[in-house]
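K.L.:
I am attaching a structure below and will ask some questions about it afterwards.
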Amino acid sequence: MVKWLLDLIFGKKTKKMLNIILFGPPGSGKGTQASLLKDKFNLIHISTGDLFRYEIGNKTTLGREAKSFMDNGELVPDRITIGMLQNKMDKHLDSNGFILDGFPRTINQSEALDKIFQERSISISGLVSLKVEENELVNRLLERGKTSGRTDDADEEIIRNRIKVYHDQTSPVYNYYDKLGLSCTIDGLGSIDDIFARLSDAFERLS
């Protein structure tokens, strides 16, 4: 925080970065598209799932804390997830920017993310949301469940509940950034190449 204030006071210029929140419900294709977009725009892909696997697999302090909650069937507190995010970002502050996949999921997380970026004298470039109709999402996840081994991809009732949770708890994040003029929606139907082209256009406009 002190460094950020000093930079602000003395007018130090910081590197312009492209920092995008890739948004959308389960099955919308965020992970697939993020892998393509990070290569095209030379960005760091930060997936909360990958963060958890890394920290837990390496038995870091945050990883051990997260695992203790998960082993008890409890939600991992935001402070732990945010700590993992900060660790990852601080290793790549000299990069061209970040694609955030799976974070933020709530308004509280959005506010925490804004603070993280502010303290590092960078900012969110925009939120890009993939729009896909619910039945299509269900079909995609059921199809994925045939090979993914994930039990939550094999049960339609569970899938529809996951989508409901997204709309109830996570979609308000879109409105949070929309009020700042930073949100946009992209059609998530079509081939992987078609969707990639639309997202690439959106990223270009935000860069």
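The values are calculated or read from the model by the stated rules, or taken from the named source; none is laboratory data. What you are looking at is a predicted structure, and each value in this text was computed from that prediction instead of being measured. Heads up, the Cβs are rebuilt from the backbone with ideal geometry, glycines too, and the neighbour counts pull from every protein chain shown.
K.L.:
Out of region 10-42, which residues are assigned to a strand (DSSP E or B) and modelled with pLDDT under 95?
P.N.:
To start, the set of residues in region 10-42 that are assigned to a strand (DSSP E or B) comprises 18-23.
If the condition is that a residue be assigned to a strand (DSSP E or B) and modelled with pLDDT under 95, then PHE23 is the only one that fits.
K.L.:
Also, I was wondering about something else. What single numbered condition from (1) buried (at least 18 other Cβ atoms within 10 Å of the Cβ); (2) touching a helix residue (DSSP H, G or I) at 6+ places or on another chain (Cβ under 8 Å) fails to hold for ILE122?
P.N.:
Failing condition for ILE122: (2).
K.L.:
Select the helices (runs of 4 or more DSSP H) contained entirely in region 144-207, then report the ones holding at least 2 residues which are free of Cβ contacts under 8 Å to residues at least 12 places away in the same chain and over 22 Å from PHE98 (Cβ atoms). Steps first, answer last, please.
P.N.:
Values: elements: 156-165, 172-178, 192-206.
Counting at least 2 such residues, we get 156-165, 192-206.
K.L.:
Looking at ASN42, is it touching a residue at least 24 places away in the same chain (Cβ under 8 Å), closer than 25 Å to ARG205 by Cβ and loosely packed, with under 14 Cβ neighbours inside 10 Å?
P.N.:
Values: touching a residue at least 24 places away in the same chain (Cβ under 8 Å): yes; closer than 25 Å to ARG205 by Cβ: yes; loosely packed, with under 14 Cβ neighbours inside 10 Å: yes.
Judged against the criteria, ASN42 is a match.
K.L.:
Sticking with this one: Which of the strands (runs of 3 or more DSSP E) found entirely inside region 43-140 contain at least 3 residues meeting this: over 16 Å from the mean Cα position of the chain (by Cα), closer than 24 Å to VAL165 by Cβ and hydrophobic (A, V, I, L, M, F, W, C)?
P.N.:
Values: elements: 44-47, 97-101, 126-131.
Here the list is empty.
K.L.:
Exactly one condition in (1) within 18 Å of GLY29 (Cβ to Cβ); (2) more than 18 Å from the chain's Cα centre (by Cα) is not met by ALA154; state its number.
P.N.:
Evaluating ALA154 over (1) within 18 Å of GLY29 (Cβ to Cβ); (2) more than 18 Å from the chain's Cα centre (by Cα) leaves (1) as the failure.
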